[in-house]
Amino acid sequence: MESRTRAGGGVSSLLRQTLQTFMSMSGFMFINVFSAILLSRGLSPDDRGVYLGITMWNGLILGFCDIGIYITSVYLWSRCREKDRKDVFMTLLVWAVGTGAVCVGVVALFADWMLRHHLQADEKLMAYLFFASSITGPLSSLFSGILAAEQRFSTVNLLRVGIPAVLTTCWLVYFTADRLSIGMCLATTSAISFLGIVPYFWQMRTNLKAGGRFRWSIFKEGFWYGLKGHGSSVVNVVGNSSSQLLIFALTPAALAYYQTASSALGILWALPAAIGVTSFPDLVKENPKLLHDRTSRFIRLTALCTLLGGILLGLAEPVLIPFLFGQAYIASVLPGIILLPSVLFSGLSSILAGALNSTGRTLHNSIADAANVGATLLGMMLVLKPWGISGAAFSVLMGAIMSFNVRLVWYGRCIRQIKPSEFLPSLADLAALAQSALGILRKLKPISKSDMPAKGGSLP
């Protein structure tokens, strides 16, 4: 469990993987917007609220139970020796199945209390089926983590877009046939959740056949690694719920305006998110002596992409938001512009988090997220009433800056101090980004085997 190999892919290969991941995340975002339109038009506001309440409740419990399985899988799989991989896989598999079972049990325990006054008998049955599908969540986290550690992003990117695309297509058929209902939505979501795990089983078939045994030492190492950063999940769950309640306390319309402003940033959020997803496995495998140089490169790439995208989106928002959402949402324009810098600070914070996580340090996740949520809630209590939803956007920006500062100080103390110049993109960074973008647009096909890192595994 001590070896640390270095993936051999170059900058061009990494940028192509990042751009492909960005494209899949963008597709995921567009599909989600379309599905929200279908639900809002096919269900009554009350029914849509019940459906969203069920899915949010399920996500809340899963967020509490899933103790960092994804980042732990990437971390352990990237660092373990080849002869240990069978045992690492079996240990992680037992952990994931156990987590899913606990999640299903906790949800079912409280489900009757939540659903008693809202659902009919057949709808309640579909809700329990939906809760049972929670077991697929930890398994997906495990398998996608292993694939990410091997730099095999094709299956993950395909499923990220494919699963919501199939689900939205089913809803479109129901909507066209005037059959869209809570029960149909829950049943379809459950079925697709179970079917969506099948491609992962196919990718992992060799590991599943190889056997292996559960090793308590591996479990303790992985569980402690994930647990140190698990507080961030709990803090985020509490923080997001509290923020929505404070905004809703103004008026229900205020929450709608704020969510519209936040939704308009979706395409911009996909940029740093894609860099974070593809860079973390690369940082885990990096030689510790070269980690800072690699991190600096990702910081410059994140700053460059987010700044360019933010400028373009900021210029377009005054026209884009009323065009897409209607003139009634013109009040969302100013909060949307205020939120733009938060994407940059959150993206840079994510890169620093990946570098720290790659060294086995995860406690910063809980501290940084606590600072983020604390600053956001404090800001809302001070400025939400006088400034309205613009105050909410400003508070979120302050939270993002606080989170970034915590990780910047942590990185400086644990790895190396970052010079201000290392945040500034160079002409070489711009040229590399442009070259990779043009390559993606020309080919529009998965990365060839020759582009993969030496230990990146074969393409699916």
Note to self: Is it the case, given these coordinates, that TRP171 is aromatic (Phe, Trp, Tyr), within 18 Å of TYR51 (Cβ to Cβ) and not assigned by TED's automatic domain parsing to the domain that holds ALA273?
What the structure shows: yes
Next item on the list: Give, as residue ranges, the helices (runs of 4 or more DSSP H) completely inside the range 89-202 that count at least 2 residues that are free of Cβ contacts under 8 Å to residues at least 60 places away in the same chain and either buried (at least 21 other Cβ atoms within 10 Å of the Cβ) or on the phi < 0 side of the Ramachandran plot (or both).
Entry: 121-132, 154-176, 182-196
Notebook entry, point to check: With (1) surrounded by 20 or more Cβ atoms within 10 Å (Cβ to Cβ); (2) of a type outside the set (D, E, K, R); (3) modelled with pLDDT of 75 or more as the list, and PHE223 as the residue in question, which single condition is left unmet?
Noted result: (1)
Next item on the list: Filter the range 419-435 down to the residues that are at pLDDT 70 or above and touching a Leu at 6+ places or on another chain (Cβ under 7 Å), then identify the one that is surrounded by the fewest Cβ atoms within 10 Å (Cβ to Cβ).
Entry: LEU430
Notebook entry, point to check: For the range 378-397, does any single residue satisfy the condition of being within 23 Å of TYR70 (Cβ to Cβ) and of a type in the set (Ser, Thr, Tyr)?
Noted result: no
Notebook entry, point to check: Looking at ARG179, is it charged (D, E, K, R), closer than 23 Å to SER35 by Cβ and under 17 Å from the mean Cα position of the chain (by Cα)?
Noted result: no
Checklist line | Yes/no for ARG213 being surrounded by fewer than 17 Cβ atoms within 10 Å (Cβ to Cβ) and either without any contact (Cβ under 8 Å) to a residue 24 or more places away in the chain or at positive phi (or both) | finding: no
Next item on the list: With the condition kept exactly as written, say whether any residue in the range 149-159 is under 30 Å from LEU38 (Cα atoms) and charged (D, E, K, R).
Entry: no
Note to self: I'd like to check something: does the range 250-262 contain any residue that is closer than 28 Å to ARG85 by Cβ, modelled with pLDDT of 70 or more and in contact with a Ser or Thr (Cβ under 9 Å, 6 or more places away or on another chain)?
What the structure shows: no
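The values are calculated or read from the model by the stated rules, or taken from the named source; none is laboratory data. Because the structure is a prediction, the values reported are computed rather than measured. Ideal geometry is used to build each Cβ from the backbone, glycine not excepted, and the neighbour counts take in all protein chains shown.
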